[in-house]
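Undergrad: Mind looking over this structure? Questions follow.
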Amino acid sequence: MSNVNKDGADPEFAKIPKDQTGFYIWRIEKMALAPVPTIFYGDFYTGDAYIVYSATNQGEQGGQLLKPKKFERTADYRIHFWLGENCSVDERTLAAYKTVELDSYFQDAPVQHREVQGFESTRFVSYFPKGIRYLKGGVATGLKLAEDGFRPKLFIVKGSKTPVARELPEISWRCMNDGDAFVLDAGERIFIYTGKHANKKEVFEATTIAQLFKDQPGESIVRVDDGREVDQLIGQNLELFEKFLPLAQKKLKPHTEADPDDKWNHETADKLTRLFKCSDASGKIEIRPLKEGLAPERSDLNSNDCFIIDAGRGKGGIWTWVGKKSTDQERTESTKYMTEYFKQQKYSEHTPAARIVDGGEPFEFKALFSGWR
């Protein structure tokens, strides 16, 4: 693991100014933290784990467009650890560990969020107005590409507010359908391919993503519509396109067989807010229901204990609240309560979750309670 400084924190964290807003991303590389260059913000390798730190004035938007400045009012600290669908158990564990370490470095002021590829929270996605891109592979792949040069890529594009592009396993008609929009990065040409049943929003999002790939002089974007390839592709554009996607081999899946959009979003089992008290005093984790149906009140939370607030996987979120007078063991093991709760409720591991400490509640958490503002 990374070295720690005299404060017990990773040296990377010591670089963060504590008196101003900021936005930082690290990738887990060889079981250590490596800062991600700002030009690659929004790129996430599916075989890796990341930590994202956001600090803003309360009520302000954080993210890649944030310009650092001194805090002018109450600070809003957020730490997200993002897990790619193919990252290793060791990387997952280290990302969670480093998140706790960073939280401690800021004296438990931040809200901790767990993010899983394809099921990110609305807040996390909002950090990247230029879009999120899922890239195949992990650290080793990324380093190899930097040495060997350009690699062509095919992406499928989705998203309701912020475009999300996922790199497909191969550049092939087999990976495509007639109901979505796709971006083929072929180097000197970036092709936007739109299925005949793709909606206008996704076509617009594909255009946004294509603009991001247009990073070298002389590169251009070419629009190709399903069924109009022969009319729209001529000369060098046709030759380059067919190098990757030969028209004679074109066979698109019907949109009815494509992955549903809800695979890209939160599970949406909306339900009434439920409040649970957590304890391990008996030697095993116990999660006891306290209130269901009625909105909880601030007085329902006791600073001596830990609680879980379940406001629905697709709406208010699932939170672990740690009382400031709870034991050190309870604070340390609060994430275990959430893990056990997921098992009991049969929630997917993709379900977003957040951890907060008594006294550092964000506005969206307070909004779940009656009369707490």
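Undergrad: Based on Cβ point charges of +1 for Lys and Arg and -1 for Asp and Glu, what charge dipole magnitude is obtained for the stretch 150-264 about its Cα centre, in debye rounded to the nearest 20? Can you show the working numbers first?
TA: On the way: 18 positive and 20 negative charges, 22 e Å.
Roughly 100 debye, rounded to the nearest 20.
Undergrad: Looking only at 223, 73, 189, which one moves most when the chain is put into a Gaussian network model with springs between Cα atoms under 10 Å?
TA: Result: 73 has the largest fluctuation of those listed.
Undergrad: For the chain, with the dipole built from +1 on Lys and Arg beta-carbon atoms and -1 on Asp and Glu ones, taken about the Cα centre, which of 57, 299, 45 lies farthest toward the positive end?
TA: 299
Undergrad: Under a 5 Å amide H to amide H cut-off, with H placed in plane at 1.01 Å, what residues pair with residue 87 once short-range neighbours are removed?
TA: 48
Undergrad: Work out the P(r) tail for the stretch 1-140: percent of alpha carbon pairs separated by more than 25 Å, whole number.
TA: Working: 2028 of 9730 pairs.
Value for the stretch 1-140 (Cα pairs over 25 Å): 21 percent.
Undergrad: Another question about this same structure. Using unit Cβ charges (K, R positive; D, E negative) and no other charged atoms, how large, in debye to the nearest 20, is the dipole of the chain about its Cα centre? Show your work: numbers first, answer last.
TA: Numbers: 54 positive and 57 negative charges, 112 e Å.
Here the chain has a charge dipole of around 540 debye.
Undergrad: While we're here: At a Cα cut-off below 20 Å, give the lysines reachable from residue 214, other chains included and same-chain residues fewer than 8 away excluded.
TA: 130, 136, 153, 158, 243
Undergrad: Got a sec? Charge dipole of the chain, +1 on Cβ for Lys and Arg, -1 for Asp and Glu; which of 139, 341, 323 is way out at the positive end?
TA: Going by the charge dipole, the pick is 323.
Undergrad: Here's a follow-up. Who wins for biggest fluctuation among 240, 33, 294 in a Gaussian network model of the chain, springs between alpha carbons below 10 Å?
TA: With Cα springs under 10 Å in the chain, the top fluctuation among 240, 33, 294 is at 294.
Undergrad: Go ahead and set up a Gaussian network model of the chain, Cα springs under 10 Å, then flag whichever of 291, 15, 153 fluctuates most.
TA: Answer for the Gaussian network model of the chain: 15.
Undergrad: Would you mind listing how long the chain runs along its three principal axes, going by Cα atoms, in whole Å with the largest first?
TA: Extents along the principal axes, in whole Å: 72, 47, 39.
Undergrad: Under the Karplus relation 6.51 cos²θ - 1.76 cosθ + 1.60, θ = phi - 60°, what is the ordered set of whole-Hz ³J(HN,Hα) values for the stretch 281-289, x standing for Gly and Pro?
TA: For the stretch 281-289, the Karplus curve yields 4, 7, x, 9, 5, 10, 10, 10, x Hz.
Undergrad: Now for a different question. Can you show me the helix-derived [θ] at 222 nm for the chain, built from DSSP H runs with n ≥ 4 at -39,500 (n - 2.57) apiece and divided by the number of residues, rounded to the nearest 500.
TA: It lands at -6000 deg cm²/dmol.
Undergrad: Two decimals, Cα atoms only, Kirkwood Rh: what is Rg/Rh over the stretch 266-373?
TA: Here the Rg-to-Rh quotient is 0.93.
Quick note: the coordinates plus some simple rules give every number you see, no bench work behind them. Keep in mind it's a predicted model, so treat the numbers as computed, not measured. Here Cβ is always computed from backbone atoms with ideal geometry, including for glycine, and neighbour counts include all displayed protein chains.
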